[in-house]
Structure formats: C-alpha cells, structure tokens
Amino acid sequence: MAYDVVVIGTGPGGYVCAIRAAQLGLKTAVVEKDKTFGGTCLNVGCIPSKALLHASHLFEEAAEDFDKMGIKLSAPKLDLSQMMKFKQEGVDGNVKGVDFLFKKNKVDAYIGKGKIAAPGKVEVSTGNGKTETIETKAIVIATGSDVARLPGIEIDEKRVVSSTGALELSKVPERLFVVGAGVIGLELGSVWRRLGSKVEVVEFLDRIIPGMDGEIARAFQRILEKQGIKFRLSSKVAAIDAKGKTLKISVEPAAGGKAETLEADVALVAIGRVPYTEGLGLAEAGVKLDNKKRVIVDDRFKTNVQGIYAIGDVIAGPMLAHKAEDEGIAAAEILAGRAGIVNHDAIPNVIYTSPEVASVGKTEEELKSEGVAYRVGKFPFTANGRAKVNRTTEGFVKILADDKTDRVLGVHIIGADAGTLIAEVTLAMEFGASAEDIARTCHAHPTLSEAVKEAALAVDKRAIHM
Ligand SMILES: Cc1cc2nc3c(=O)[nH]c(=O)nc-3n(C[C@H](O)[C@H](O)[C@H](O)COP(=O)(O)OP(=O)(O)OC[C@H]3O[C@@H](n4cnc5c(N)ncnc54)[C@H](O)[C@@H]3O)c2cc1C
C-alpha cells in the first residue's frame with residue numbers, strides 16, 4: 001500500500017499532523033513504537049502532570065482555604081493510590097481519544113519502531129525480528145524528545161527519577177530533591193510539596209525558569225519560597241550516591257568550589273529534554289542535524305532530504321505540545337499544497353503551578369538586548385475585584401509595548417488562571433494589536449481578565465483601579 005504521508009510518532013505533533021493530512025484527503029499512516037498513542041504529552045507529560053497538579057492543588061485548598069470560606073471539613077487525608085488512579089484515568093481517556101480520531105479520519109496505524117530506509121520508504125519493526133516496509137510520497141518525523149540525563153547519574157525511576165518516575169511515586173517522599181528550576185521541576189516539585197514532601201531545588205543558573213521574563217521569575221521564586229520550596233541557585237549536582245538508605249547528593253557551586261553533601265529520599269532530575277532520533281536511520285538517509293542533535297528544517301518543515309519533513313520537539317524551538325501541534329497542522333497543509341504557517345513569535349508558555357505563570361512574545365531582557373524602545377504597563381491582582389473576593393491576589397500582569405507604535409511585543413502574567421488569560425493576548429499579538437486595542441476592548445466584570453485590560457491601560461499610564 002502506498003501512502004501520501006507517513007508520520008513517525010504519534011505525540012501531539014504527529015497525531016495532529018496525521019489527522020489534518022487525512023482531512024485534506026491525503027492517504028495517511030502513522031508509526032508508533034509505544035503501546036499507546038499520544039507521545040510524551042498524553043502519556044508521561046502534560047496530561048498526567050496536570051492531573052496531579054489539579055488533584056494536589058485541591059488537596060491543599062481543602063486543608064488550608066475551605067475553612068476560611070466557611071466550609072467545615074475534617075483535615076483531608078491523602079489516598080495516593082487513588083490519586084494515581086485518577087491521573088491514569090485521565091491519561092487513558094485522552095489516549096483512547098487519539099485512537100478514535102485515527103479511526104474516524106481513516107488514518108492507518110502501524111505499531112512498531114519506524115526507521116527511514118530511504119526517502120519514500122519507512123521500515124517498521126513489528127516485533128520478533130519482523131519488519132514491514134511502507135511506501136510513501138512524504139515522511140514526517142515527529143519522534144519528539146527524551147529526558148536529558150546528567151553524566152554519571154543513573155536514573156532508576158524509583159529513587160533517582162526523571163519526570164516519568166516523579167509521576168508514579170508510590171509514596172510521598174519525605175525529602176524530594178529537584179535538579180533544575182525549569183517548568184517540569186517546579187511543577188512536579190509543587191505537586192509533591194503539596195502532598196507533604198520537603199522540596200529543595202538546585203539550579204545551575206543564578207535564576208529560576210531560564211528564558212522567562214526576569215521580573216516574573218523573581219516574583220515567582222518569592223512565592224514558591226513562601227510556599228516552602230527551598231532554592232539553591234548557581235549550584236550544580238556533581239554526584240548522587242544511591243547506595244545507602246537515603247540518597248547522598250553532592251552539590252557544589254556552579255563556578256566550582258567546595259562540595260556539600262545533602263540527603264534526600266528521592267531526587268528528580270529535571271534538567272531538560274533532548275531530541276529523540278535513536279534508530280531512525282537519519283545518518284544513513286543523509287538528514288542533517290544541528291549541534292543540539294535537532295533535525296534541521298526550513299520554514300516549511302522540510303529537511304535537507306527531498307520528501308522528508310520534521311516537526312515538534314525533534315526540531316528547534318520551545319519543546320511545547322501546542323507548538324508541535326501547530327507545526328503538525330502546517331506541515332500537513334504544506335504537503336497538501338496549501339500555505340501552512342506557524343508564527344513562532346506568538347507561542348504561549350505556561351507553568352501550571354499555583355499561581356500559574358504564563359508568557360508570550362518578548363521578555364524585557366530580550367527587548368533590551370535587541371535595543372528596542374518599549375513601554376511597560378503593569379497591573380497587580382491585588383487591585384482586581386475578582387481576585388480580591390477569590391483571595392487569589394498574588395501576582396501581576398505585565399505588558400510590553402513598542403514605544404512608538406504601541407504594538408504589543410510581549411505579555412507576562414503571574415497569577416491565578418494565567419494560562420487561560422494568556423490566550424487573549426496571544427490572539428491580540430497574532431492580529432498585531434496595540435496596547436490601546438486591548439485597553440479599548442470591553443472585558444467582562446468581575447473577571448481576572450480585567451487585570452489584562454488594566455495593564456494595557458497602564459502602558460499609557462491610565463489604569464483606573466490603581
Ligand atoms: C512532565 C512533562 C510535562 C509537560 N507538560 C507540558 C505542558 O503542560 N504543556 C506543553 O505544551 N508541553 C508540556 N510538555 C512537553 C510536551 O510533552 C512536548 O513538547 C510534546 O509532547 C512534544 O510533542 P511531539 O509530538 O514533538 O513528541 P512526543 O510527544 O515526544 O511524541 C513522540 C512520539 O514518537 C514516538 N517515536 C519516537 N521514535 C519513534 C520511532 N522510531 N518509531 C515510532 N515511533 C517513534 C514516541 O514513542 C512518541 O510517542 C511536558 C513534558 C513533560 C515531560
């Protein structure tokens with residue numbers, strides 16, 4: 001059977017690409033090496049982590065906030081195995097959804113590891129040494145990413161865990177040590193802190209959430225510290241000794257110097273992710289990679305080899321599910337002869353802690369280094385009516401607009417529901433909106449979104465409630 005498109009990998013990049021290609025009338029197949037569809041995101045990433053963030057947040061709220069609202073309960077008790085079941089049911093539901101969508105759109109699925117035998121030929125290892133070769137006009141590589149490892153530190157997924165193991169712990173560790181103050185470390189660190197762990201985070205850089213706006217990062221760190229998470233910045237983990245009953249973690253200053261030994265029950269290594277291209281036959285096919293082992297593509301997702309495309313975590317750009325999805329749609333549209341496009345300047349980024357952190361566009365540091373003249377409008381949630389009644393007054397909205405044209409260049413939000421609020425400004429940026437446009441848009445009262453409008457007014461120094 002010859003296909004128009006074969007997509008290797010069924011994460012959010014691959015499965016969305018396949019569905020869009022099928023919608024456009026292309027004969028489409030996917031190849032997946034794992035037992036379930038959905039990739040990192042649905043199985044061991046976005047979905048299970050959000051299930052645990054949701055459940056642990058409610059657990060903490062029930063213990064600390066319900067009483068203040070006049071809801072009297074006895075102290076909530078944790079049933080961790082039920083919480084894990086709740087998480088797994090969420091994962092299963094999402095994974096089944098992909099299966100249903102493949103059938104609905106007549107996308108053929110091949111289960112097994114895919115290898116590019118040549119342009120137009122994908123070899124699938126279907127088990128027991130058997131292979132099947134599929135012929136296709138185009139191949140889309142959507143093989144995603146894998147956990148980045150620290151040299152000399154073995155991840156056993158029991159006591160020294162990656163994010164995958166941290167989503168599956170069978171008991172709450174008394175002391176959880178997190179290596180890396182990025183999104184995954186802070187989200188999963190928050191989950192286990194809420195469930196009772198003492199959490200300490202070590203970060204190589206002198207700040208948390210590298211790449212996000214510095215002012216937001218500082219505010220976020222203060223909030224997390226108030227919640228009980230400890231940080232050691234400008235520090236690195238040199239070794240983890242897992243021989244004894246407790247882990248002995250050797251931490252030294254990033255610049256070098258005397259090491260200190262810390263003890264923990266579980267260590268989470270969350271230093272990032274690396275593109276996954278193992279066994280894909282890229283070198284043999286002549287597909288070029290960059291110095292970070294990402295597949296090099298042009299702005300139409302084409303690799304240097306005719307008929308081979310790549311999308312998602314395996315190419316450059318933020319490793320985010322929605323970025324992979326949008327690239328999947330664009331690649332499918334390009335393959336169908338349409339003008340698929342992704343605006344990489346307007347990709348939102350969200351941290352699903354409490355409060356949430358969300359951003360889109362340029363940070364203040366980026367604008368400074370690019371020499372762009374800008375104005376800042378900020379509005380704190382302490383001055384937002386809805387936040388006041390809900391008692392979610394931590395954080396603020398910050399809008400960066402071009403000094404001359406007033407065009408919105410970046411928006412950074414720390415506060416309740418920041419991940420939802422960011423959608424409005426992302427759309428505004430897609431339409432090339434000015435801060436004035438946002439300020440003149442009627443926002444429902446009382447909502448947290450009024451803080452976005454007020455921050456837009458503040459760009460022109462005319463916020464009302466401040
Ligand atoms: C703990 C955690 C939390 C996260 N939370 C978020 C979040 O809240 N929001 C967000 O946007 N992003 C989040 N991410 C990142 C997100 O999961 C990734 O950006 C996204 O999954 C990338 O999609 P992808 O399709 O490129 O690759 P993946 O989802 O990694 O999928 C790749 C697929 O390809 C398959 N594959 C690989 N090689 C082969 C082969 N040779 N043959 C056949 N199949 C193959 C793999 O088995 C996998 O199913 C999180 C990640 C983690 C780890």
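Table for the structure above
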quantity: Value of relative contact order over the chain, rounded to a whole percent, pairs C-alpha under 8 Å and six or more apart; calculated: 14 percent
quantity: Calculated FRET efficiency for the pair Ala109/Lys388, C-beta based, R₀ 56 Å, to 0.05; calculated: 0.65
quantity: Long pairs among Lys35/Lys158; Lys27/Lys293; Lys104/Lys288; Lys50/Lys288; Lys171/Lys292, criterion Cα-Cα beyond 27 Å; calculated: Lys27/Lys293; Lys104/Lys288; Lys50/Lys288; Lys171/Lys292
quantity: Within the accessible area of the chain (1.4 Å probe), percent carbon and sulfur; calculated: 52 percent
quantity: Shape of segment 45-196, Cα gyration tensor, a/c cut at 1.5; calculated: prolate
quantity: Extended-chain gain in nm, criterion 0.36 nm per residue less alpha-carbon gap, Met466 and Lys245; calculated: 74.1 nm
quantity: Accessible-area value, Cys46, 1.4 Å probe, nucleic acids and ligands omitted, Å²; calculated: 50 Å²
quantity: Net length gained if the chain between Asp156 and Leu233 were fully extended (0.36 nm per residue, minus Cα distance); calculated: 25.2 nm
quantity: Using a Förster distance of 45 Å, the FRET efficiency for Ala283-Leu24 (Cβ separation, nearest 0.05); calculated: 0.90
quantity: Calculated [θ] (222 nm, deg cm²/dmol) that DSSP helices of n ≥ 4 give over the chain, each run adding -39,500 (n - 2.57); calculated: -9500 deg cm²/dmol
quantity: Shape call, the chain: gyration tensor on alpha carbons, a/c limit 1.5; calculated: oblate
quantity: Segment 74-223, relative contact order [Cα under 8 Å, separation at least 6], %; calculated: 12 percent
quantity: Pairwise FRET efficiency - Asp92 versus Ala2, Cβ, R0 = 35 Å, nearest 0.05; calculated: 0.55
quantity: Part-to-part distance (alpha-carbon centres) for segment 392-455 and segment 320-356, which is given in Å; calculated: 20 Å
quantity: Gain in span if fully extended, Asn128 to Asp206, counting 0.36 nm per residue against the direct Cα distance; calculated: 23.1 nm
quantity: Computed label-point distance, nm, for sites Asp67 and Lys35 using a 7 Å Cα→Cβ extension; calculated: 4.3 nm
quantity: Span from the segment 207-247 Cα centroid across to the segment 273-293 one, whole angstrom; calculated: 31 Å
quantity: Under 5 Å, built H, 5+ apart or other chain: amide partners of Ala238; calculated: Ser250, Val251, Glu252
quantity: Cα-based shape type of segment 186-331, given that a ≥ b ≥ c are square roots of the gyration tensor eigenvalues and the cut on a/c is 1.5; calculated: prolate
quantity: Dipole of segment 1-131, positive direction: furthest Cα of Ala55, Cys41, Val5, with charges on the beta-carbon; calculated: Val5
quantity: Positive-end extreme of charge dipole, segment 312-365 - chosen from Ala330, Val360, Val342 (charges on Cβ); calculated: Ala330
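The values are calculated or read from the model by the stated rules, or taken from the named source; none is laboratory data. Remember, it's a predicted structure, so these values are computed and weren't measured experimentally. As a convention, Cβ positions derive from the backbone with ideal geometry for all residues, glycine included, and neighbour counts pool all protein chains shown. When the accessible area is computed, the model is the full protein with side chains, heavy atoms only, and any ligands, DNA or RNA have been set aside. Shrake-Rupley method; radii C 1.70, N 1.55, O 1.52, S 1.80 Å.
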